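The values are calculated or read from the model by the stated rules, or taken from the named source; none is laboratory data. Please read these numbers as outputs of a predicted model, since none were measured by experiment. Cβ sites come from the backbone with ideal geometry, for glycine too, and all protein chains shown count toward neighbours. Each accessible area value is taken on the protein alone, full model and side chains, heavy atoms only, with ligands, DNA and RNA left out. Shrake-Rupley method; radii C 1.70, N 1.55, O 1.52, S 1.80 Å.
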Amino acid sequence: PGSPWDAHVVLRGIFTEAKQTLTIVDAYANGTIFSMLVGQPLDALRVEILCSRYAAAVAAEGRTFKTQHNLGSLEVRQAADFHDRFIIIDGASCVHVGASIKDAGRTAFMVSRVEDPANLAAILQTLQHSWAAATPVA
């Protein structure tokens, strides 16, 4: 608790691992995500954000971000299928984040890699179905 900057640095480091696709699942995501993308190569990166509560605001901020930064592509979809937060790197690696990215470090939380193959496959499959059924946000 009380370490929002440290949390920001850790999460930003995880974001930089993505070379093709960065998928963020966070029901309460906000524009904090975009500040974590600054300073890394973005031209070939596809960013997908599955959120719920602030989806329209995230999409609007994403469009503004994209006009200034050379982001390959961005898509925001709205669904309330997940309670936990996940960062999926290149469709193959998964990080579980115990707090909303916007609140990370305010209180105690955990960031952990999903290493168990069965759990990883289940998360990726659930995300694929949720993404397909989610509402695209313009």
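Ellipticity at 222 nm from helices only: DSSP H runs of n ≥ 4 in the chain, each -39500 (n - 2.57), divided by the residue count, give -11500 deg cm²/dmol. Entry for the chain at q = 0.12 Å⁻¹: log10 I(q)/I(0) = -0.42, Debye formula applied to identical alpha-carbon scatterers, no solvent contribution.
For the chain, what is the percent of antiparallel DSSP beta bridges, rounded to the nearest 5? Looking only at bridges with both residues in the chain, the antiparallel portion is about 55 percent. Could you work out the local net charge near HIS129, counting Lys and Arg as +1, Asp and Glu as -1, over the other residues with Cβ closer than 15 Å to its Cβ? Charge balance in the 15 Å sphere: -1. Amide hydrogen proximity for VAL47: with H placed 1.01 Å from N in the peptide plane, the residues at 5 or more positions away or on another chain lying under 5 Å are LEU22, SER73, LEU74, GLU75. Amide hydrogen proximity for TYR28: with H placed 1.01 Å from N in the peptide plane, the residues at 5 or more positions away or on another chain lying under 5 Å are SER52. Counted without the sites themselves, the longest stretch of the chain free of GluC sites (Glu not before Pro) in a DSSP loop having at most 16 other beta carbon atoms within 10 Å is 18-114. When all protein chains stay in place and ligands, DNA and RNA are ignored, the 1.4 Å accessible-area order of LYS102, LYS19, LYS66, largest first, is LYS19, LYS66, LYS102. A simple count of charges around ASP43, restricted to other residues whose Cβ falls under 13 Å of its Cβ and scoring Lys, Arg +1 and Asp, Glu -1, yields +3. Report the local net charge at ALA99: Lys and Arg +1, Asp and Glu -1, summed over other residues whose C-beta lies under 14 Å from its C-beta. Net charge in that neighbourhood comes out at -1.
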